[in-house]
1. Going by the conditions given, is Asp295 more than 16 Å from Leu334 (Cα to Cα) and at pLDDT below 85?
2. Of all residues being of a type in the set (S, T, N, Q) and on the phi < 0 side of the Ramachandran plot in the range 7-30, which is farthest from the chain's Cα centre (by Cα)? Just the residue, please.
3. Condition check: touching a Gly at 6+ places or on another chain (Cβ under 7 Å), touching a residue at least 40 places away in the same chain (Cβ under 8 Å) and not acidic (Asp, Glu). Does Pro252 satisfy that?
4. Can you go through Ala314, Ala283 and tell me which one is farther than 22 Å from Cys204 by Cα, under 21 Å from the mean Cα position of the chain (by Cα) and surrounded by fewer than 19 Cβ atoms within 10 Å (Cβ to Cβ)?
5. Tell me which helices (runs of 4 or more DSSP H) are completely within the range 1-96 and hold 2 or more residues being touching a Ser or Thr at 6+ places or on another chain (Cβ under 7 Å) and surrounded by 15 or more Cβ atoms within 10 Å (Cβ to Cβ), or say none if there are none.
6. From Glu54, Glu89, which residue is on the phi > 0 side of the Ramachandran plot, at pLDDT below 95 and out of contact with any Phe, Trp or Tyr (no Cβ under 7 Å at 6 or more places or on another chain)?
7. Picking from Arg223, Arg257, Arg282, which residue would you name as being over 18 Å from Lys333 (Cβ atoms) and charged (D, E, K, R)?
Amino acid sequence: MKTVVSRQLFNFALLNPLQHEVKPDTLKIVSGYATPAMAVAHLMSVRRLSRKLECVLPLNIDLVYGMAGESGVSEVYDSGFKALREKSEFKFNGSFNCSYVKAPLSVHSKVYVWCKGNRPIQAFIGSANYSEMAFKSPTRIETLTECDPFSAVSFFEEMKSHAIDCKDVDIKKDFKRTQKQQLVNCKSAKFSIENDVSSKYYLCPKLEVSLLTKTGKTGNGSRLNWGVRPSGKPRKSGRSQRNPNQSYIGLPSNVYRSDFFPPKAERFTVLTDDGVVMTCVRAQEKYGKAIETKDDNSELGLYFRKRLGLQSGAYVKLSDLEKYGRTSVVFWKLGDANYVMDFSRQVK
């Protein structure tokens with residue numbers, strides 16, 4: 001009887017098969033959703049494993065993106081997949097190919113088949129998309145279990161027959177995302193793809209957000225000072241006083257109207273550069289113009305005050321941010337609900 005596994009899925013399905021006596025050289029994947037950042041993280045892990053084992057571990061990844069026809073594919077992800085296919089920036093031992101399943105077919109399955117040449121030798125099936133959110137998020141539970149590799153590879157080949165190679169796709173015409181999904185182009189939304197090969201977040205969508213108002217201030221009754229007056233006294237909310245640490249990160253319209261962050265009120269996880277995990281939501285007005293911590297919006301303000309070396313509840317001045325060396329934060333999107341936020345003095 002096969003075991004259903006919910007822990008250490010990355011090692012279980014994506015690394016351990018490479019350490020068997022018969023070492024596969026090809027991984028065939030059907031995944032509802034996938035990210036280029038996950039492929040890079042996987043290939044880099046294989047490179048480290050190769051050094052550890054002191055042997056060459058070539059890996060040829062053949063990915064079928066199952067929900068492309070129904071949900072579309074962002075231009076950022078498409079350019080990342082194509083860069084991996086061409087090895088234009090990130091070099092690795094092996095190959096990468098990605099195909100998009102055409103509408104009206106929608107494939108939400110997740111199947112991973114390891115092969116030696118054309119011979120399937122081990123396969124896994126379950127709930128985990130080929131994304132860092134599925135395989136590495138501390139708050140996400142996914143499952144995988146072993147399955148028959150021959151039926152799995154037959155399923156892969158059938159799904160691939162319904163797909164188009166990413167190199168032959170004009171993403172704006174063939175797999176354009178719908179207006180309902182609120183997709184805006186990267187330039188107008190001011191987010192782009194991380195193109196630093198040495199970055200841990202290479203090929204992840206990247207966005208810089210200012211902590212200041214449009215006039216270049218820290219905010220009087222807004223943003224980092226939502227809950228505190230310049231005098232240091234808490235602001236009032238009705239008849240009660242606010243927690244002076246209450247804060248939010250304001251978003252410009254071309255960001256809150258885009259799909260970089262989840263829709264208003266939907267939870268998402270933010271991991272900071274110094275290892276703090278926060279559950280956040282978009283809030284305020286119709287479109288969700290601000291990022292807040294979900295259960296206690298003073299959590300975010302207290303975090304920034306600690307980083308700035310200020311006392312709890314202190315009024316944050318522009319000079320405090322300038323002395324620290326940052327007036328903005330950088331977000332990397334690892335998946336639909338999983339982000340990294342950098343507020344270090346120098347972005348890495």
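The values are calculated or read from the model by the stated rules, or taken from the named source; none is laboratory data. Since the model is a prediction, treat every value here as computed from it, not as a measurement. Counting neighbours? That spans all protein chains shown, and the Cβs are built from the backbone with ideal geometry, glycine included.
1. Judged against the criteria, Asp295 is a match.
2. If we take residues in the range 7-30 being of a type in the set (S, T, N, Q) and on the phi < 0 side of the Ramachandran plot, then Gln19 is farthest from the chain's Cα centre (by Cα).
3. When the stated conditions are applied, Pro252 does not pass them.
4. Ala283
5. 68-71
6. On the way: Glu89 fails: on the phi > 0 side of the Ramachandran plot.
Answer to the selection: Glu54.
7. On inspection, the qualifying residue turns out to be Arg223.
Every residue, every condition in (1) in the same structural domain as Asp259 (by TED's automatic domain parsing); (2) touching a residue at least 24 places away in the same chain (Cβ under 8 Å); (3) within 20 Å of Glu157 (Cα to Cα), yes or no:
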position: Asn16; (1), (2), (3): no, no, no
position: Gln19; (1), (2), (3): no, yes, no
position: Ile29; (1), (2), (3): no, yes, yes
position: Leu59; (1), (2), (3): no, yes, yes
position: Ser79; (1), (2), (3): no, yes, no
position: Arg85; (1), (2), (3): no, yes, yes
position: Phe90; (1), (2), (3): no, yes, no
position: Asn97; (1), (2), (3): no, yes, yes
position: Lys102; (1), (2), (3): no, yes, yes
